[in-house]
Structures are given as structure tokens and as C-alpha cells.
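J.: My structure is below; once you've seen it, I'll send some questions.
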Amino acid sequence: MDASELVGRNIRRLRVARQISQDDLALSANVERAYVGYLERGMRNPTVATLARLAEALDVHIGELFVAIDHAEGIKPLRPGRRKKH
């Protein structure tokens, strides 16, 4: 697995664990929603500044985006839809 895939899996793992949609993460990190999707699939190489904004939005240290975790393959998706039910 290359670095882009590793970072992407960790962004997804952390986002799903916090039940944050791609839209909400993108808004909090000031990036496009589609870009979050590209990052999660390992299709883009973000800048350090972008990684820092994503880490802040996920409330983690930037180093958490580079942690190798074996079970990241089985991350379950969030419930579909853009709105949280209250």
C-alpha cells in the first residue's frame, strides 16, 4: 500500500468512527467534498496544509493519518444521506 492509500484509509476510518459525512468533513476542513472522496480512495496527494486541516477537523494529531492499521479494509459505510437525524 502506498502513502496515498494509507492516508486515505485513515481519513475514512477516522471519519466513519466519528460518524462524520464527507460533506461535513469537507466543510470543516475547507476542501471540496469530491476531494475528500478522492483522498479516501488514494487518488490524490494532499499537501501538508490540507492534511493538517483534515486532522484538525477530525480532532486528531496529523500523525494519526499515517498509522498502519490492518483492519482498516473492513470499514463499514455510514448510513446514506446528507442529513443527520436528530
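J.: I want to confirm something. Restricting to the stretch 31-86 and keeping residues that are under 12 Å from the mean Cα position of the chain (by Cα) and on the phi > 0 side of the Ramachandran plot, which single residue is modelled with the lowest pLDDT?
T.: Result: Gly42.
J.: Determine the pairs where a residue that is more than 10 Å from Arg53 (Cβ to Cβ), located within the stretch 15-30, has a partner that is in a helix (DSSP H, G or I) and of a type in the set (S, T, N, Q) with Cβ atoms under 8 Å apart, the partner being 6 or more residues away or on another chain.
T.: Once the first residue is more than 10 Å from Arg53 (Cβ to Cβ) and sits in the stretch 15-30, its partners that are in a helix (DSSP H, G or I) and of a type in the set (S, T, N, Q) give Arg15/Gln22; Ile20/Ser28.
The values are calculated or read from the model by the stated rules, or taken from the named source; none is laboratory data. Predicted model, so just to flag it, every value in this text is computed and none were measured. A quick note on method: Cβ atoms are made from the backbone with ideal geometry, for glycine too, and the neighbour counts reach across all protein chains shown.
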